[in-house]
Amino acid sequence: MTTDTTTKDTAPATAPGDVVLDARGVTMRFGGLTAVRSVDLTVNKGEIVGLIGPNGAGKTTFFNCLTGLYIPTEGEVRYKGTVLPSKSFKVTAAGIARTFQNIRLFGNMTVLENVLVGRHTRTKEGLWSALLRGPGFHRAEAASKARAMELLEFIGLEAKAEHLARNLPYGEQRKLEIARALASEPGLLLLDEPTAGMNPQETRTTEELVFAIRDMGIAVLVIEHDMRFIFNLCDRVAVLVQGEKLVEGDSETVQGDERVVAAYLGEPFEGAPGDEEAAEVAAAEAGAARSGAAGSGAAAGSAGTGSAENAGTTGDASKEND
Ligand SMILES: Nc1ncnc2c1ncn2[C@@H]1O[C@H](COP(=O)(O)OP(=O)(O)OP(=O)(O)O)[C@@H](O)[C@H]1O
């Protein structure tokens, strides 16, 4: 049964025009397996919403239903009031961009070229214009490049614009993926485990980056196993367990819900998560200074059922669905 514990007190006041994403009764079956069962979720303008749950709970499958990679077996997804098209490139053009659990950059292309790839849904110049390389093409190309450089500046990688993507450290590759997603000028950004494999310092930087993206007017829906990251960041958190939404509410509501503790979180947090994180960052920085090199250890504060598989991974060939 789907239980929504959002109360009037915890839910943000929302005007009808403020709903960016409205997923209703989304169900996804693979043969006899129901990976997602009748999930409702809305994301409003100006919100950062978290989607958490144990491994195999259906989080990525749900993302795939929001981005046209899967057509839900049942249910409907609307973006700013319009039912989503069924092809992923059309979903991107409509205004939803995403990053993937496993980094999907073009390693042999430069950092700048990777961001330019993300702009293809926003460039109107057609094949003939590109072949003839007329003034319209050059103008569009210059504008795209300028916007891509702006985005690289936003994520702090403008100095590495001409580097090959594969030569970037892991944390910067994840940031570059975000810049590429932003290049399509979305109204909603979906982040699938953006801090997987990051050290505490990189995680904190990513947190700041997501706040800055929200401040640019882009709504964010984020899957993550790092609970400190989620509870620091999100206005609202939905918990999926075995394909169903168990609870939805603000961080405090979700952390305090016994069912969530039993099904996913394990022990409730004690003390302020921000303080603990700051201590870990300081310890990591001190360690890096001692060894002369920054490590890329496990993300801090991951929930018990999800951390081991995700910490420190740069790819997972066994996952077909993301
Ligand atoms: N293409 C597919 N075909 C068959 N089963 C699938 C497919 N994709 C996902 N599943 C199954 O659906 C269930 C939900 O998987 P999903 O990857 O969505 O979970 P998740 O919550 O994202 O897990 P994780 O936290 O490990 O990424 C799992 O049992 C998975 O094996």
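Of the peptides 236-244, 214-222, the order by per-residue mean of other Cβ atoms within 10 Å, starting with the highest, comes out as 236-244, 214-222. Close amide H partners of residue 80, meaning residues 5 or more places away or on another chain with modelled amide H under 5 Å apart, are 21, 22.
Karplus-based coupling profile of the stretch 57-63, in residue order and whole Hz: 6, x, 5, 5, 4, 4, 4, with θ = phi - 60° in 6.51 cos²θ - 1.76 cosθ + 1.60 and x standing for Gly or Pro.
Quick one: divide the alpha-carbon radius of gyration of the stretch 47-89 by 2.2 N^0.38 Å and tell me what you get.
On the way: Rg = 11.4 Å, N = 43, 2.2 N^0.38 = 9.2 Å.
That ratio works out to 1.24.
Given the pairs 87/160; 90/175; 59/87; 45/160, which span a C-alpha to C-alpha distance of over 30 angstrom in this model? Walk me through the numbers before you get to the answer.
Working: 87/160 33 Å; 90/175 24 Å; 59/87 20 Å; 45/160 32 Å.
Exceeds cut-off: 87/160; 45/160.
Applying the Karplus relation 6.51 cos²θ - 1.76 cosθ + 1.60 with θ = phi - 60° to the stretch 138-153 yields 3J(HN,Hα) values of 5, 5, 5, 5, 5, 5, 4, 5, 5, 5, 4, 5, 4, 5, 5, 5 Hz, where x marks Gly and Pro.
Based on the Cβ-Cβ distance of residue 166 and residue 216, what FRET efficiency does E = 1/(1 + (r/R0)^6) give at R0 = 22 Å, to the nearest 0.05? Intermediate results must be reported in sequence, preceding the final value.
Working: r = 28 Å, r/R0 = 1.28.
Here the calculated transfer efficiency is 0.20.
Applying the Karplus relation 6.51 cos²θ - 1.76 cosθ + 1.60 with θ = phi - 60° to the stretch 106-117 yields 3J(HN,Hα) values of 8, x, 8, 9, 6, 4, 4, 4, 4, 6, 4, 4 Hz, where x marks Gly and Pro.
With the charge dipole of the stretch 18-88 set up from +1 on Lys and Arg Cβ and -1 on Asp and Glu Cβ about the Cα centre, the Cα lying farthest toward the positive end among the listed residues 58, 21, 32 is that of 32. When the convex hull of its Cα atoms is viewed from all sides, the stretch 63-124 shows a mean projected area of 5.2 nm².
No value in this document is a laboratory result; all are computed from the given coordinates. Not measured: the values here are computed from a predicted model. Heads up, the Cβs are rebuilt from the backbone with ideal geometry, glycines too, and the neighbour counts pull from every protein chain shown.
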